[in-house]
Amino acid sequence: METGQVLTPEQVAARGEKLYQEKLKAILEPENNGKFVAIEVISGEYFVGDTILGAVELSHKKFPNRLLHTIKIGYEGVYKLGRFSRPAYGWRA
Amino acid sequence: MDGELNGSVSPKIIMELYGVAGRHVPPVFFEAIIDTGFTGGVSMPISLALPLGLVLFSTATFTLADGSKENAFLCYGSARIGEREEPLVFSLSQGNDVLLGTEFLKAFKSKCFLDYKFMKFSFEPQDHT
């Protein structure tokens, strides 16, 4: 049974971005630029993969039931939305 | 396979999408727009995504065309064209259209041919080898 801290998606994203900027960016860039990092924001552990699914698969071996925050290393966002794409179902960063 | 370009700026194809529970019986098909301005896999309206049983696994930040940023949800799912199936990352959108991005095209090793003189479009998944 999963117990302990329960974070909202907004909190997960905010913590993930903060962890990355304050700690992981210096560790992971620039050698891993273009790869993806999945961050488990409660423990602070992170998992790097060549693809999003690769990084998440590694993290789920240890944290199978946690909502992660995923970042593309060395980039502003995981994906780019084009001019004609509709906004994501989410919230302003 | 031939897609649709008639009267439309963007090419469209029909394809099967589903979540981790596997293919639906009968299969559920969607008309999807190929949007090379989108670097992800599949962008899906949440109203269509929820009944598919997509599993939410992550939040992520997207960069918009104007340079601003949005946070969104990422889900596990699969796409199938003919006998070929590929796992993909789905993101949830506020729009009305299913969009297929460059990650989708890369997953299927696709070759696309657009002919705006004759308004024809063809999409061809290629082998991994």
*Determine if the range B:110-118 includes at least one residue that is under 16 Å from the mean Cα position of the chain (by Cα) and of a type outside the set (A, V, I, L, M, F, W, C).*
yes
*Output the number of the condition that A:ARG92 fails; it satisfies all remaining conditions of (1) more than 11 Å from every other protein chain (Cβ to nearest Cβ); (2) exposed (fewer than 13 other Cβ atoms within 10 Å of the Cβ); (3) closer than 24 Å to B:LEU99 by Cα.*
(1)
*Across the range B:89-103, what is the number of residues that are surrounded by 24 or more Cβ atoms within 10 Å (Cβ to Cβ) and in contact with a Ser or Thr (Cβ under 7 Å, 6 or more places away or on another chain)?*
4
*Given (1) within 14 Å of chain B (Cβ to nearest Cβ); (2) loosely packed, with under 13 Cβ neighbours inside 10 Å, index of the condition A:PRO30 fails*: (1)
*Starting from the range B:54-75, keep only residues that are among the β-branched types (Val, Ile, Thr) and surrounded by fewer than 19 Cβ atoms within 10 Å (Cβ to Cβ), then list their pairs with residues that are modelled with pLDDT of 85 or more and assigned to a loop (DSSP other than H, G, I, E, B) whose Cβ atoms are within a distance under 8 Å, requiring at least 6 positions of separation or different chains.*
B:VAL55/B:GLY19
*Taking the range B:92-121 on its own, how many of its residues are in a loop (DSSP other than H, G, I, E, B), more than 15 Å from B:MET15 (Cα to Cα) and not charged (D, E, K, R)?*
6
*Among residues of the range B:62-88, those that are under 19 Å from A:ALA14 (Cα atoms) and among the aliphatic types (A, V, I, L, M), counted*: 3
*Tell me, which residue of the range A:77-86 that is part of a loop (DSSP other than H, G, I, E, B) and at pLDDT 90 or above is surrounded by the fewest Cβ atoms within 10 Å (Cβ to Cβ)?*
A:GLY77
*For A:VAL41, are the conditions met, namely being touching a Gly at 6+ places or on another chain (Cβ under 7 Å) and either among the aromatic types (Phe, Trp, Tyr) or over 24 Å from B:ALA107 (Cβ atoms) (or both)?*
yes
_Flag if B:PRO51 is within 30 Å of A:LYS62 (Cα to Cα) and not charged (D, E, K, R)_ = yes
*Could you grab me the full set of residues in the range B:34-70 that are more than 7 Å from chain A (Cβ to nearest Cβ), part of a loop (DSSP other than H, G, I, E, B) and within 21 Å of B:ILE14 (Cβ to Cβ)?*
B:THR36, B:GLY41, B:GLY53, B:LEU54
*Tally time: how many residues in the range B:88-109 are within 13 Å of chain A (Cβ to nearest Cβ) and more than 11 Å from the chain's Cα centre (by Cα)?*
6
_Residues located in the range A:47-76, provided they are in a helix (DSSP H, G or I) and out of contact with any helix residue (DSSP H, G or I) (no Cβ under 9 Å at 6 or more places or on another chain)_ = A:LEU53, A:GLY54, A:ALA55, A:VAL56, A:GLU57, A:LEU58, A:SER59, A:HIS60, A:LYS61, A:LYS62
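I'd like the full set of residues that are basic (Lys, Arg) and within 11 Å of chain B (Cβ to nearest Cβ), limited to the range A:42-80.
The initial filter retains those residues of the range A:42-80 that are basic (Lys, Arg), namely A:61-62, A:66, A:72, A:80.
If the condition is that a residue be basic (Lys, Arg) and within 11 Å of chain B (Cβ to nearest Cβ), then A:ARG66, A:LYS72, A:LYS80 are the ones that fit.
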_Unmet requirement for A:VAL37, which otherwise passes all of (1) closer than 14 Å to A:VAL78 by Cβ; (2) free of Cβ contacts under 8 Å to residues at least 24 places away in the same chain; (3) β-branched (Val, Ile, Thr)_ = (2)
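The values are calculated or read from the model by the stated rules, or taken from the named source; none is laboratory data. What you see is a predicted model, and the numbers here were worked out from it, not measured in a lab. Glycine also receives a Cβ, built like all others from the backbone with ideal geometry; neighbour counts cover every protein chain displayed.
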